[in-house]
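**Q** This is the structure, below, for whatever I ask next.
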Amino acid sequence: MSGHRSNLKLAEAAYFDRAQQNPEEQLTYRLAKAAAHVSEARGRGGKYAKAADDFFRAIVDFIPADGRYPATLPSAQHGDFIRGFHNRLGEYEATHRPLMK
């Protein structure tokens, strides 16, 4: 495994640990970062703006219906969170692969 890939895996593992300990802090931080990327993509126009709009509409899927995040994630939910993260990432990458070149 390359050094870059190893660092990404370590960063990902650290994120999952932080998300288990404080889901609200981590998810609201990630949503704020996503908003900045959406704005940048919209500014690029064309297919990037379309992808940004699709992503923006999907953000509500990450916010609990009652607006309240759990204080922590129990181990069982932590596993579900990690699997869901990878599933959504895979879907996003498959759908937007042409934009990532």
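**Q** In the range 50-75, what count of residues is obtained for those that are over 18 Å from GLU12 (Cα atoms), out of contact with any Leu (no Cβ under 8 Å at 6 or more places or on another chain) and aliphatic (A, V, I, L, M)?
**A** Residues that pass the stated criteria total 5.
Residue-by-condition table, conditions (1) within 26 Å of LEU99 (Cβ to Cβ); (2) open to solvent by 50 Å² or more (accessible area, probe 1.4 Å); (3) assigned to a helix (DSSP H, G or I); (4) in contact with a helix residue (DSSP H, G or I) (Cβ under 6 Å, 6 or more places away or on another chain):
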residue: ASP17; (1), (2), (3), (4): no, yes, yes, no
residue: GLN26; (1), (2), (3), (4): yes, no, yes, yes
residue: ARG30; (1), (2), (3), (4): yes, yes, yes, no
residue: ALA52; (1), (2), (3), (4): yes, no, yes, yes
residue: ARG68; (1), (2), (3), (4): no, yes, no, no
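**Q** Also, quick follow-up: Within the range 90-101, restricting attention to residues that are free of Cβ contacts under 8 Å to residues at least 24 places away in the same chain and under 25 Å from ASP17 (Cβ atoms), which residue is least open to solvent (accessible area, probe 1.4 Å)?
**A** GLY90
**Q** For the range 70-89, name all the residues that are over 18 Å from ARG18 (Cα atoms) and at pLDDT 85 or above.
**A** Matches in the range 70-89: ASN87 only.
**Q** Here are some residues: GLU25, GLU40, GLU12. Which one is under 15 Å from the mean Cα position of the chain (by Cα), at pLDDT 85 or above and charged (D, E, K, R)?
**A** Going through GLU25, GLU40, GLU12 in turn, the sole match is GLU25.
**Q** Shifting gears a bit: Given the conditions (1) surrounded by 13 or more Cβ atoms within 10 Å (Cβ to Cβ); (2) under 26 Å from ARG97 (Cβ atoms), which single one is not true for ILE63?
**A** Just one mismatch for ILE63, condition (2).
**Q** Which ones in the range 54-66 are touching a helix residue (DSSP H, G or I) at 6+ places or on another chain (Cβ under 7 Å) and more than 22 Å from ARG18 (Cβ to Cβ)?
**A** Passing the criteria: PHE55, PHE56.
The values are calculated or read from the model by the stated rules, or taken from the named source; none is laboratory data. For clarity, every value in this text was computed on a predicted model and none was experimentally measured. No Cβ is skipped: glycine too gets one built from the backbone with ideal geometry, and neighbour counts run over all protein chains shown. Ligands, DNA and RNA are excluded from the accessible area calculation, which covers all protein heavy atoms including side chains. Shrake-Rupley method; radii C 1.70, N 1.55, O 1.52, S 1.80 Å.
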